[in-house]
Amino acid sequence: MYLRQQKKLEERLRTVLRELYQVEVEKIVIEQPPEIKFGEYASPIAFELARKLRKAPRKIAEEIVAALEKVEGFAGFEVAGAGYINARLDRGAAVQAVAAGGEIEEFAEHLHSLVEHTSINPNKAAHVGHLRNAILGDTFVRLLRAAGQKVDVQNYIDNTGVQVADIVVGLMHLEGMSLESVKALMARLSARGERIDYYCWDLYARVSQWYEADEEEKHARRQVRLATLHEIERGGNEAAAVGEMVSTAVLRRHLETMLRLGIEYDLLPRESEILHLKFWDLAFEQLKSKGVLYFESEGKNKGCWVMRRAGSEAPVETDDPEAGPDEDAKVIVRSNGTVTYVGKDIAYHLWKFGLLGRDFAYRRFFAYAYHECWISAESGEAEHPHFGGAQAIYNVIDSRQSDPQANVIEALRGLGFAEQAAHYTHFSYEMVALTPRCALELGYDVPEEDRGRPYIEVSGRKGFGVKADDLIDQLVAATQKEVDERHPELDEAERRQIAKEIAVGALRYFMLKYTRNSVIAFDLRDALSFEGETGPYIQYAVVRTRSIFRKGETAADVALADVNSVDASPYLTGDEADEIWQVWLRAAKTSLLLEQCIQAAEPAYLARHAFQLAQDFSNFYRKHHILTEPDPARKTFLLATAAVTQRELIRALGWLGISAPEAM
RNA sequence: GCGCCCAUAGCUCAGUUGGAUAGAGCGAUUGACUACGAAUCAAUAGGUCGGAGGUUCGAAUCCUUCUGGGCGCGCCA
């Protein structure tokens, strides 16, 4: 409702400005006044026009207000302060509109989008940093779908990279295992109920140390690593088979971990197929023919195919032979003929946009309750969904990779795909780090020089960090304890279900409440908190509304339909009424928030909005007792207030991937 | 050396395109369960928005510069 009225007001203002002053204003700024008593919308447009029209802002505002006359849905307009134009909604009409309209008001373009997130190297357990990535990505997927977009969810698997090679080195060289004994190890772990990704977490840290441990052996050990990597890339040998087996098992564990948080994928494209299906060869031809890549015959990059780095100045046309080569250029093909990471990424992104001219084969990999997750393959099933060929893509990748991401975009633009480049979003976010205090509490050795730092980066290589499953386990244990104490009357299965929902709500909200470019200095105590600005606080508000309808022997949808027969306006004026109106106003803004979140690629806005609505409701709930209200018309209205809160909170929580339990 | 990000209450963070008196949560102090569930609510204290200039009717927000911190910048992936 709020967004629709805002657009109406915008249009009306535009018309008035045209008629009064013959001016076209590109952007009409409309905001919410600092206090609800000033109305629901405010525009400082008169200030902006003051200079152009050589007139006092207050005078302009008065003229505009006079010209606005009557606009449907608005109670009136007035001038305030030095020249603000304030608009008041017709509150009674607004309540009816909000109660009746449960649908999303405005849709962004109906694009076919592709969101890639999670993308954990399949060589160790997922940790808190990966959780931030997956939760951000999954939430954004839900937002896009809510806005009517068709979205494919992809989780890119680097199954042939150095990190997997490190695990293979660990198994085959440190542990002296063969393919058969690795199989036996996996069977043993599985029989004991141990997690393969946890085993790899420790092994990976050991291997990383082993490379560095002995100065004399260092070079030889690096050679082992490199040789293993090449065997894995080539395929068809024992190291590759071990890598394939272990990385696939770890990948399954990642999918299970994420499923605990309600996160699902449609496709797992793997690097092994990008290599073996020779995606790069096709991309290379395009890049060469369009002149994006050129062969360097001089300087430090002699013998390489390079491209101009994103953000660097276009080379000045010069005949000066002394100018020399662009030493800052990005190497895409090495002098030994192998392609770099960015090169492979360019090929992969051409595929994402349907511009490569080749496709993966596909196999079913993982079954969810309502759909299946597919994986790339060299040869696969004849029938499969269509993947790739998206109009817009979002890559959820941490901010440290902004340079390589910019280079991929630059390559697309160089190839003439300006439209695609414009719809390529590096959905970047800052890392999750541990506070030194938290690291110490978890039993890690923190070097003296690090103790004064604000935070310490999580590192899989060092085995330093909080594993995702451990964190979820701890959260579930903590919520289980609370639920058991509060609800001895419920049976165990119900209590377990509630505890799980609250734990997921706490974790997802914790990861979403920070804006993307703020580093999360992870603190276990904050993450385990269920009070204040947390997921459980919002869930609790919903539980309260459920309880009201249960006790009142009615239902939210009935309450929303009933308010139709009541004139709510008497209950919406005066100081006492402002806090009730505040609930309706906030509830009316969900569509606006959806639009803003998508436009800014920032889920945190919605997280905050949901919290504020829960807070408005809690405030209202304390002051106005619904079920004992003697005036039947007013009671109907108060019930509808609880109902609209419930409807909007459940919807917003759903987009955040958080469910609302029946009790808690 | 170059590039990107950050600095707002004791702590953790909001403040979206520049707009009215800079807001939350936690922590602190005080109060509220004989009414819909206290995982709650109310109240109080707490700020030269890192420093200095500038642009503007108006700056936490934009520009310049300095300080302090983080992250990138490879013929690694």
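Summary of values
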item	result
Ordering of A:191-199, A:88-96, A:143-151 by burial proxy (mean other Cβ atoms within 10 Å per residue, highest first)	A:88-96, A:143-151, A:191-199
Distance from region A:370-409 to region A:429-467 (C-alpha centre basis), Å	31 Å
Computed magnitude of the charge dipole of region A:1-144 (debye, nearest 20; Cβ of K, R +1, Cβ of D, E -1)	460 debye
Scattering profile of region A:2-89 at q = 0.14, 0.21 Å⁻¹ [log10 I(q)/I(0), Debye over alpha-carbon scatterers]	-0.41, -0.98
Pair A:E175, A:E482: separation of 7 Å Cα→Cβ label points (nm)	3.9 nm
Net charge of neighbours whose Cβ lies under 15 Å from the Cβ of A:P447, counting Lys and Arg as +1 and Asp and Glu as -1	-1
Computed lengthening from A:E372 to A:R358, 0.36 nm per intervening residue step minus Cα-Cα distance	2.7 nm
Mean Cβ count within 10 Å, highest first, over the residues of peptides A:24-33, A:411-420	A:411-420, A:24-33
Solvent-accessible heavy-atom area per residue, rounded to whole Å², over chain A at 1.4 Å	45 Å²
Chain A: Rg to Rh, with Rh as the Kirkwood radius over Cα pairs	1.03
Förster radius 45 Å - calculated FRET efficiency between A:R188 and A:A555 (Cβ-Cβ, nearest 0.05)	0.25
Contour minus Cα-Cα distance for A:T338 and A:L20 (0.36 nm per residue)	107.8 nm
Normalised contact order of region A:535-655, rounded percent, pairs of Cα under 8 Å and 6 or more residues apart	45 percent
Accessible surface of chain A [probe 1.4 Å, protein heavy atoms]: carbon and sulfur percent	49 percent
With DNA, RNA and ligands ignored, accessible area of A:F387 (1.4 Å probe; Å², nearest 10)	10 Å²
Relative contact order of region A:2-89, pairs being alpha-carbon contacts under 8 Å that are 6 or more residues apart, as %	28 percent
Among A:262-275, A:354-367, the order from most to least packed when residues are scored by Cβ within 10 Å on average	A:262-275, A:354-367
Signed unit charges on C-beta, dipole axis of region A:437-527, positive-most listed residue A:G452, A:S518, A:Q474	A:S518
Point-to-point label distance, A:D473-A:E69, nm (Cα→Cβ direction, 7 Å offset)	7.1 nm
Theoretical ellipticity at 222 nm over chain A - DSSP helices of four or more residues, -39500 (n - 2.57) apiece, nearest 500	-16000 deg cm²/dmol
Beta bridges by DSSP in chain A, antiparallel share as percent, to the nearest 5	55 percent
Added length on full extension, which subtracts the Cα-Cα distance from 0.36 nm per residue, A:Q599 to A:K59	190.9 nm
Relative contact order computed over chain A (Cα-Cα under 8 Å; 6+ residues apart), in percent	15 percent
Computed E for A:N237/A:E298 - FRET, C-beta separation, R0 51 angstrom, nearest 0.05	0.85
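The values are calculated or read from the model by the stated rules, or taken from the named source; none is laboratory data. Note that the structure is predicted; figures quoted are calculated from it, not measured. For neighbour counting, all protein chains shown are included, and Cβ atoms are generated from backbone atoms with ideal geometry for every residue, glycine included. The area values use the complete protein model at the heavy-atom level, side chains included, leaving out ligands, DNA and RNA. Shrake-Rupley method; radii C 1.70, N 1.55, O 1.52, S 1.80 Å.
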